[in-house]
Amino acid sequence: MTDRVKFDWYQTESDVVVTVLRRGVTLDQCRVNFEESALTVGVQTSDDSVTELVNVQLSHPIDVKKCSYKCTPAKIEVKLRKLNEGRWETLEAKAQSELTPKEKKNWDKLEKQVIEDEEKAELEGDAAVNRLFQKIYKDADDDVRKAMVKSYSESGGTVLSTNWNEIKKEATPIKPPDGMEWKSYD
């Protein structure tokens, strides 16, 4: 049975001290199991079962023979002797899922998929017209592109031509839609 409780730890160059906050545990009730890369702290209950308080896979190996623990009225203090002196970044070993690298995304494949999805999507109204103009511009040669840019910008967005030979000769006149009148806001 596991009854995880709050614990803290600190270290020196040679030792790690784990403090388990649990009141009223006597030395007779305290059960500590040291393994080279694991620590288990438990308390024996009145029915002779052991309630596990801490079960930690350690990030570095310890010298089991030189480890110790003591119980006080407020806590259980476990002293772990490091097998190799030095600083530990973490007490607990990282889970296997954290160690395995995530699958790399194939961004080129994803981009192609998004483009295919956009092309297959059926648009209506302005979006459909906009897509048509984008496709014409994308698939066109340089002369057609120049004609489109020149005609659209010179006419204030009222004319769009793809014929460069016609557009290059003179400025494109403004041609508002039927029933409308062009006004300059100078």
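The single condition among (1) surrounded by 15 or more Cβ atoms within 10 Å (Cβ to Cβ); (2) free of Cβ contacts under 8 Å to residues at least 12 places away in the same chain that E124 does not satisfy is (1). The residue that is modelled with the lowest pLDDT, counting only those in region 50-78 that are surrounded by 14 or more Cβ atoms within 10 Å (Cβ to Cβ) and basic (K, R), is K75.
Where residues in region 146-159 are among the small types (G, A, S) and part of a helix (DSSP H, G or I), which of them is surrounded by the fewest Cβ atoms within 10 Å (Cβ to Cβ)? Give the derivation first.
As a first pass, look at region 146-159 and keep what is among the small types (G, A, S): 147, 151, 153, 155-157.
Now drop any that are not part of a helix (DSSP H, G or I), which leaves 147, 151, 153.
Numbers: A147: 21, S151: 22, S153: 11.
So, considering only residues that are among the small types (G, A, S) and part of a helix (DSSP H, G or I), the one surrounded by the fewest Cβ atoms within 10 Å (Cβ to Cβ) is S153.
If a residue has to be part of a loop (DSSP other than H, G, I, E, B) and touching a strand residue (DSSP E or B) at 6+ places or on another chain (Cβ under 9 Å) to count, how many in region 21-67 make the cut? Counting residues in region 21-67 that are part of a loop (DSSP other than H, G, I, E, B) and touching a strand residue (DSSP E or B) at 6+ places or on another chain (Cβ under 9 Å) gives 15. Within region 132-145, the set of residues being assigned to a helix (DSSP H, G or I), surrounded by fewer than 15 Cβ atoms within 10 Å (Cβ to Cβ) and more than 39 Å from the chain's Cα centre (by Cα) comprises D142, D143.
The values are calculated or read from the model by the stated rules, or taken from the named source; none is laboratory data. Because the structure is a prediction, the values reported are computed rather than measured. Neighbour counts are summed over all protein chains in view; Cβ atoms, including those assigned to glycine, are modelled from backbone coordinates with ideal geometry.
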